[in-house]
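Working notes, structure below.
Just so it is clear, none of the values below were taken in a lab; they were calculated from the coordinates. Since the model is a prediction, treat every value here as computed from it, not as a measurement. Note that each Cβ is placed from the backbone with ideal geometry, even for glycine, and that neighbours are counted across all protein chains shown.
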Amino acid sequence: MKTVAVYEVKANISHLLDQVEAGEEIKITRRGIPIARLVPEHAPEKTDIAELIAKLKYSRQNYTLGDMDWRDLVEDGRD
């Protein structure tokens, strides 16, 4: 991890942000004492819709309605 003083950050923020964007972490110090870190922002993971649907279908296989089926439940709800 690279360490830079506050005055260096002020003078080179654009260059430092390029380094952070490339994956480097930078520790910022004031009078030699660490006060902050610049770290890359990780993009949120994209959800794989096909995988999600497959998981939902699989999980539905494990649920039962006991001795009733869905038509019985619909009819029961109409009463």
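Suppose we keep just the DSSP beta bridges with both residues in the chain; what percent of those would be antiparallel, to 5?
55 percent
For q = 0.20 Å⁻¹, what log10 I(q)/I(0) does the chain give under the Debye formula with an equal point scatterer on each alpha carbon and no solvent?
Those come out to -0.89, one per q.
Only Cα pairs within less than 10 Å get springs; with that Gaussian network setup on the chain, which residue of LEU38, LEU65, LEU16 has the largest fluctuation?
Answer for the Gaussian network model of the chain: LEU65.
Near LYS46, which lysines are there with a Cα under 18 Å away, not counting those fewer than 8 places off in the same chain?
Counting by Cα, and skipping residues close in sequence, LYS46 has these lysines nearby: LYS55.
Give me the net charge of ALA5's neighbourhood, meaning all other residues with Cβ under 11 Å from the Cβ of ALA5; Lys, Arg count +1, Asp, Glu -1.
Residues close to ALA5 contribute a combined charge of +3.
Which Cα, out of ILE53, ILE13, PRO40, lies furthest along the positive dipole direction of the chain (beta carbon charges, K/R +1, D/E -1)?
Among ILE53, ILE13, PRO40, the one farthest towards the positive end of the dipole of the chain is ILE13.
Would you list, by chain and number, the aspartates and glutamates whose Cα falls below 18 Å from the Cα of LYS2, excluding same-chain residues fewer than 8 positions away?
Hits, sequence-local ones excluded: ASP18, GLU21, GLU24, GLU25, GLU41.
Exposed loop GluC sites (Glu not before Pro) only (DSSP loop, at most 16 other Cβ atoms within 10 Å): please give the longest stretch of the chain free of them, not including the sites.
46-79
Arranged by the count of other C-beta atoms within 10 angstrom, fewest first, what order do THR64, THR29 take?
THR64, THR29
Taking the chain, which trypsin sites (Lys or Arg not before Pro) meet the DSSP loop condition and have no more than 16 other C-beta atoms within 10 Å?
ARG31, LYS46
Below 8 Å between Cα atoms, with a sequence gap of 6+, how large is the relative contact order for the chain in percent?
Once normalised by length, the contact order is 22 percent.
Using +1 on the beta carbon of Lys and Arg, -1 on that of Asp and Glu, and nothing else charged, what's the dipole of the chain about the Cα centre, debye to 20?
On the way: 12 positive and 15 negative charges, 168 e Å.
Roughly 800 debye for the chain.
Counting helices only, and only those DSSP H runs with n ≥ 4, report the 222 nm mean residue ellipticity of the chain as the sum of -39,500 (n - 2.57) divided by its residues, in deg cm²/dmol to the nearest 500.
-14500 deg cm²/dmol
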